[in-house]
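I have placed the structure first, in the form of structure tokens, so that the comments after it can refer back to it.
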Amino acid sequence: MKSGFFLPGLIFVTFLLSGIFVGHIMGESVMQSVKGKRAVMIIASNNFRDEELLQPKDVLEKNGVTVTVASSSLKESKGMLGAKVKPDILFTDIKVTDYDAVVFVGGSGANEYWDNPTAHKIVNDAHNAKKIVGAICIAPVTLAKAGLLKNKRATTYSSTVNEIKAAGANYTGSDVEKDGNIITASGPAAAHKFGEALVKALSQ
């Protein structure tokens, strides 16, 4: 009886280990393909949403992406949940050519960029240069008002659905939505998934 169970058990273990090995190799492949890439994450001068910066930033950095944090002020910015971050650069000093991805972080303070001409120019320049353009929570409104979401599949925080629809976006309600080189996410609960989507897009 014992020998009858040995071979199937051995096959199962071999299959399991091979799956782990392949998964590891695939993970290594993604890391290699995004290593050296650069992303800039733009936060509000106050009241950015902590998870929406920290979780995608962590995912990006663990995969070898260099992340720069930009804001409208170089003073320490406080997140809605208490995180304190000192931006690296002013968002007005962003040179799109220096980055592979431009990402707007949400939070209640993110509406400072909604109607900002410089913010609109940054996202349009990035989009035209085929860079990854990302936004999470209420930040997709910045993309919408810049004209980027017209006839594009997109998602956003529940309170700003009407704003992106008014700009011609096809709201899907998904946690994370990708249409071309534009990636949007719904809010804090989707922050980690948003980071993974950014990494995947950067690897392609």
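One residue alone among THR184, THR118, THR156 is β-branched (Val, Ile, Thr) and more than 24 Å from LEU60 (Cα to Cα), and that residue is THR118.
Among the residues of segment 90-131, the one identified as on the phi > 0 side of the Ramachandran plot and open to solvent by less than 50 Å² (accessible area, probe 1.4 Å) is GLY107.
Kindly evaluate GLY134 against the criterion of being more than 18 Å from the chain's Cα centre (by Cα) and farther than 12 Å from ALA44 by Cα. Against the criterion (more than 18 Å from the chain's Cα centre (by Cα) and farther than 12 Å from ALA44 by Cα), GLY134 does not qualify.
Given the structure, is ALA135 open to solvent by less than 20 Å² (accessible area, probe 1.4 Å), free of Cβ contacts under 8 Å to residues at least 60 places away in the same chain and in contact with a Leu (Cβ under 6 Å, 6 or more places away or on another chain)? Spell out the reasoning first.
Details: open to solvent by less than 20 Å² (accessible area, probe 1.4 Å): yes; free of Cβ contacts under 8 Å to residues at least 60 places away in the same chain: yes; in contact with a Leu (Cβ under 6 Å, 6 or more places away or on another chain): yes.
Spelling it out, ALA135 is indeed open to solvent by less than 20 Å² (accessible area, probe 1.4 Å), free of Cβ contacts under 8 Å to residues at least 60 places away in the same chain and in contact with a Leu (Cβ under 6 Å, 6 or more places away or on another chain).
For segment 33-62, a residue qualifies if it is in a strand (DSSP E or B) and either open to solvent by less than 10 Å² (accessible area, probe 1.4 Å) or touching a His at 6+ places or on another chain (Cβ under 7 Å) (or both), and the qualifying residues are ALA39, VAL40, MET41, ILE42, PHE48.
The values are calculated or read from the model by the stated rules, or taken from the named source; none is laboratory data. Computed from a prediction, not measured in an experiment: that's the story for all the values here. Positions of Cβ are backbone-derived with ideal geometry, glycine not excepted, and every protein chain shown enters the neighbour counts. Surface accessibility is based on the protein's heavy atoms, side chains included, excluding ligands, DNA and RNA. Shrake-Rupley method; radii C 1.70, N 1.55, O 1.52, S 1.80 Å.
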